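Report on one structure; see the data block that follows.
Here, each number is a calculation from the coordinates, and none is a lab measurement. These numbers were taken from a predicted model, which means no experiment stands behind them. Heads up, the Cβs are rebuilt from the backbone with ideal geometry, glycines too, and the neighbour counts pull from every protein chain shown.
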């Protein structure tokens, strides 16, 4: 398996490319603000993206979905609870000071809790973790290379903001407790921004997970 994570865009969003060396198929997670970097990685690794998966609908995680889909022919997917947020891309662009908003496209399908998506032999599972946004999801990679891609739900030593509309701190902490903490302590965590961590470290030291 090919696995490469790199920061893209002004907000340094962690984008991950997961590829099957045998078939050349790849999944791109949160390639929302880095079309040039994503295409360069795919070319260098000799991969063809078939799925563009997004942990949530903030502009730094999904803004480039349209251009990346046009360049790769891959399917762009999002949890349906975040579609209304995705449709506010022009407003989000104004918030972050962009002169021109990326286009809002008709997405190619939904992500639902428990669904599995594959590119060749590489398979990941969708974990719906509402809290940062109503439709936030994490992606769990099982097996020998097990890890979890948490978007802006869980960070090293912190959690995502919950005050951006329609959610609460209780929601995000509950999602982490139900969907992420059952994973093995050794499971690496690849967050949407910043350094990697593990489930065990966050279970023991994350101040938001020590409540009660």
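Can we say residue 185 is farther than 19 Å from residue 14 by Cα, in contact with a strand residue (DSSP E or B) (Cβ under 9 Å, 6 or more places away or on another chain), surrounded by fewer than 21 Cβ atoms within 10 Å (Cβ to Cβ) and free of Cβ contacts under 8 Å to residues at least 60 places away in the same chain?
On the way: farther than 19 Å from residue 14 by Cα: yes; in contact with a strand residue (DSSP E or B) (Cβ under 9 Å, 6 or more places away or on another chain): yes; surrounded by fewer than 21 Cβ atoms within 10 Å (Cβ to Cβ): yes; free of Cβ contacts under 8 Å to residues at least 60 places away in the same chain: yes.
Yes; evaluated as a whole, the condition is true for this residue.
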Long-range neighbours under 8 Å by Cβ, at least six apart or interchain, first residue on the phi > 0 side of the Ramachandran plot and in contact (Cβ under 8 Å) with a residue 12 or more places away in the chain within segment 126-140, second assigned to a loop (DSSP other than H, G, I, E, B) and buried (at least 24 other Cβ atoms within 10 Å of the Cβ): 131/153; 131/160
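Give segment 148-158 a look and list any residue that's surrounded by 24 or more Cβ atoms within 10 Å (Cβ to Cβ) and either without any contact (Cβ under 8 Å) to a residue 40 or more places away in the chain or part of a strand (DSSP E or B) (or both), or say none.
Result: 148, 149, 150, 151, 154.
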Among residues of segment 8-31, those that are surrounded by fewer than 17 Cβ atoms within 10 Å (Cβ to Cβ) and either free of Cβ contacts under 8 Å to residues at least 12 places away in the same chain or in contact with a helix residue (DSSP H, G or I) (Cβ under 7 Å, 6 or more places away or on another chain) (or both), counted: 1
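Quick check: is even one residue across segment 193-210 outside any helix (DSSP H, G or I) and in contact with a helix residue (DSSP H, G or I) (Cβ under 8 Å, 6 or more places away or on another chain)?
In the first step, residues of segment 193-210 are kept if they are outside any helix (DSSP H, G or I); the result is 193-198, 206, 210.
From the residues that got through so far, the ones that are in contact with a helix residue (DSSP H, G or I) (Cβ under 8 Å, 6 or more places away or on another chain) too are none.
Checked against the condition, which is being outside any helix (DSSP H, G or I) and in contact with a helix residue (DSSP H, G or I) (Cβ under 8 Å, 6 or more places away or on another chain), segment 193-210 yields no hits at all.
Taking into account only those residues within segment 169-181 that are out of contact with any helix residue (DSSP H, G or I) (no Cβ under 9 Å at 6 or more places or on another chain) and either in contact (Cβ under 8 Å) with a residue 12 or more places away in the chain or within 13 Å of residue 127 (Cβ to Cβ) (or both), which is surrounded by the fewest Cβ atoms within 10 Å (Cβ to Cβ)?
Checked segment 169-181; the qualifying residue surrounded by the fewest Cβ atoms within 10 Å (Cβ to Cβ) is 178.
Yes or no: residue 66 surrounded by fewer than 24 Cβ atoms within 10 Å (Cβ to Cβ) and at positive phi?
Spelling it out, it is not the case that residue 66 is surrounded by fewer than 24 Cβ atoms within 10 Å (Cβ to Cβ) and at positive phi.
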In segment 32-63, the residues that are farther than 16 Å from residue 19 by Cβ, surrounded by fewer than 24 Cβ atoms within 10 Å (Cβ to Cβ) and in contact (Cβ under 8 Å) with a residue 40 or more places away in the chain: 60
Residues being over 20 Å from residue 98 (Cβ atoms) and in contact with a strand residue (DSSP E or B) (Cβ under 9 Å, 6 or more places away or on another chain) - total across segment 15-38: 13
